[in-house]
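*Asks:* Have a look at the structure that comes next, please.
The values are calculated or read from the model by the stated rules, or taken from the named source; none is laboratory data. Because the structure is predicted, anything quoted here is derived from the model rather than measured. Every residue, glycine among them, receives a Cβ derived from its backbone with ideal geometry; neighbour counts consider all protein chains shown.
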Amino acid sequence: MNKNIEKIDRYLKGAALPEHVSEQHRRQLRRQILNRIERRQTMFVRRIAWKVAAVVAVVLGLGAISVVGVNVGKYIYVGKDDAGVHIFRSEDAKSVVTLDDDEVTDVEQTRKDLEEIEFLRQQDKRELLKVEEMMADGTLEMKVHVYKYELSDGRIIDMREGVGGEFTLLREGRSQEWRQVKKAGPGEDLGTYEETVEGRVFSFKRERYFLNDGTEVVFSIGWPK
Amino acid sequence: MAEEALECGLRCSTDIIDEDEMLVSAAQEDTEAVGRLYDKYYGEIVRYIYHCTFDHSVTEDLTSNVFLAALRHIGRYKWRQIPFRAWLYRIATNEVRMYWRRQKRGNAISLQTDDSSLSEQNRELESGNPSAGDRIAAEEEYRLLHRALLELRMKYRTVIILRYYEGKAIAEICEITGRKEGTVKSQLHRGLAKLQDILVRWGVLPE
C-alpha cells in the first residue's frame with residue numbers, strides 16, 4: 001500500500017526545513033507572560049486575602065533569618081523604612097517580615113495574621129510548596145522555603161521563609177541586579193537532582209548564571225514530586 | 001521506509017511527562033514554573049507554527065496566542081488526558097486552523113514572501129554570513145513545498161507537518177489531533193498521496 005507514497009516520503013525526509021528565529025520575540029513574550037501571571041496571582045490573593053503572598057522574609061542586619069524552631073508568639077509593627085516598606089518583627093527579634101506599602105491596608109490586622117501564621121507554623125500546619133537555593137561563588141547565599149498556610153477564616157497565604165544563607169548579595173544591595181539577570185532568561189542548565197526536604201522528595205532543577213562582576217550564581221528550585 | 005512514517009510509538013519519555021506534570025502543577029501558583037515551561041516549549045511551538053504558516057510575523061502572533069491561551073487555561077489542564085506538550089501542540093494547531101480560516105474568509109492567502117522576510121534575507125546576505133545562503137536556499141526550497149501543502153485540506157496538512165517536520169510519532173499525533181490511530185494513519189496516507197500527485201503534476205517529483 002505504501003509503494004505509491006515512497007517518492008513523497010523520501011522527498012519530505014530530505015527536505016531542508018527553514019527556521020524562524022527571533023530572540024527579541026522570545027524575550028518579549030516571556031516578559032509578557034510572566035507579568036500577566038504575576039498580576040493574576042496578586043489579584044487572586046487580594047480576593048481572598050491580603051497580599052502576604054508577596055512577602056519576602058529578609059534579614060535586616062540580624063544575620064540569617066531562622067524561622068524554624070523560634071518560639072515567637074507575638075509580632076510587633078516596627079514601622080516603615082525609607083522606601084515605604086512595612087516592617088514587622090517577632091518579639092524576640094529573630095524573625096522579620098517586610099511588606100510593600102500597598103500590601104498593608106490595616107496594620108493591626110496584618111500583625112494578627114502574622115501571629116496566626118506563626119501559630120500555625122509552630123504546629124507545622126502548613127504545606128511546603130517550593131524550595132529555592134542560591135549559591136554565590138560556592139557559598140550558600142540563601143535558602144528559601146515557600147509554605148502555604150490556611151488561616152482560620154479560610155484565607156490562603158503563601159509565605160516565603162528564609163531558612164539559611166549568608167545573604168551577601170542582599171546586604172550588598174545587589175538583589176535587583178540578580179533579579180534582572182534571572183528575568184532575562186534561563187541560565188546554563190546544570191541538570192536535575194532529587195532531595196528529601198521535610199520528609200518529601202523534591203525534584204530540583206539547577207542553573208548557572210553570572211552577574212556583571214563575574215560572580216557565579218547557581219540557582220536551584222525544587223517542587224515536590 | 002514509508003512504513004516507518006506510519007508506525008506507532010510514543011517518543012515522550014516518562015521522565016519528561018513527570019517533569020511537565022510537576023511544572024504544570026507548580027505553574028498554577030508559581031511564575032518560576034511558568035517561565036520554565038515557556039523556555040522548554042517556546043522553540044518547538046514557534047518552529048511548528050512557522051512550518052505551518054511560513055510567515056515570520058504571523059508565526060510570532062500565533063505563538064503569542066498559544067502561550068497566552070495556555071496560561072489562561074492552565075488550571076483546567078489537569079483534567080485533560082494528554083501530556084502537556086501535546087496539549088500545547090493542540091492549541092497551536094487550533095490557532096493555525098483559525099488563522100487559515102480567517103485567511104480563506106478574507107480571501108487573502110498570499111504565497112509571496114512577506115516583506116520582513118525579504119529585508120531580513122537581504123540583510124543576512126549583505127552581512128556575508130556563510131550560513132545565510134544555506135538558510136535562504138532552504139526557505140526557497142520549502143516555499144514550493146509549502147505551496148503544495150496549501151493545496152491540501154487542513155487535516156491532511158496538519159498530520160504531514162507533525163509527522164515529517166516535527167518528527168512526531170503517530171501516537172503523539174493522535175494526542176494532538178484527538179483522532180484515533182487508524183484515522184491518523186489514513187489521513188497521513190491520503191495526504192501523502194495527494195501531495196505526491198501535486199508535486200508530480202508540478203514537475204517537482206518524477207512521474
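*Asks:* Of all residues in the range A:203-220, which are under 14 Å from A:L140 (Cα atoms), assigned to a strand (DSSP E or B) and either within 10 Å of chain B (Cβ to nearest Cβ) or of a type in the set (S, T, N, Q) (or both)?
*Replies:* A:F219, A:S220
*Asks:* Does A:G162 satisfy the criteria of being buried (at least 21 other Cβ atoms within 10 Å of the Cβ), under 27 Å from A:N212 (Cα atoms) and modelled with pLDDT under 85?
*Replies:* Here the answer is yes, as A:G162 does meet what is asked.
*Asks:* Residues being over 28 Å from A:D158 (Cβ atoms), surrounded by fewer than 17 Cβ atoms within 10 Å (Cβ to Cβ) and facing chain A (nearest Cβ under 9 Å): count how many of those fall in the range B:16-63.
*Replies:* The number of residues fulfilling the criteria is 1.
*Asks:* Report the residue count in the range A:141-153 for those that are more than 13 Å from A:L120 (Cβ to Cβ) and either of a type outside the set (K, R) or surrounded by 21 or more Cβ atoms within 10 Å (Cβ to Cβ) (or both).
*Replies:* Total satisfying the criteria: 5.
*Asks:* Report, by residue number, each residue of the range A:88-104 that is over 17 Å from A:V146 (Cα atoms) and either at pLDDT 80 or above or touching a strand residue (DSSP E or B) at 6+ places or on another chain (Cβ under 8 Å) (or both).
*Replies:* A:F88, A:R89, A:S90, A:E91, A:D100, A:D101, A:E103, A:V104
*Asks:* Among the residues of the range B:136-170, how many are over 26 Å from B:A86 (Cα atoms) and under 10 Å from the mean Cα position of the chain (by Cα)?
*Replies:* Qualifying residue count, the range B:136-170: 0.
*Asks:* Quick one: which helices (runs of 4 or more DSSP H) sit completely within the range B:108-202 and have at least 2 residues that are modelled with pLDDT of 90 or more?
*Replies:* B:130-150, B:154-160, B:170-177, B:181-201
*Asks:* If you don't mind, another one. Just the residues that are under 16 Å from the mean Cα position of the chain (by Cα) and either more than 18 Å from B:I45 (Cα to Cα) or not acidic (D, E) (or both), please, taken from the range B:172-183.
*Replies:* If the condition is that a residue be under 16 Å from the mean Cα position of the chain (by Cα) and either more than 18 Å from B:I45 (Cα to Cα) or not acidic (D, E) (or both), then B:I173, B:C174, B:I176, B:T177, B:G178 are the ones that fit.
*Asks:* Take the range B:18-58 and flag every residue that is within 10 Å of the chain's Cα centre (by Cα) and without any contact (Cβ under 8 Å) to a residue 40 or more places away in the chain.
*Replies:* B:V46, B:Y50
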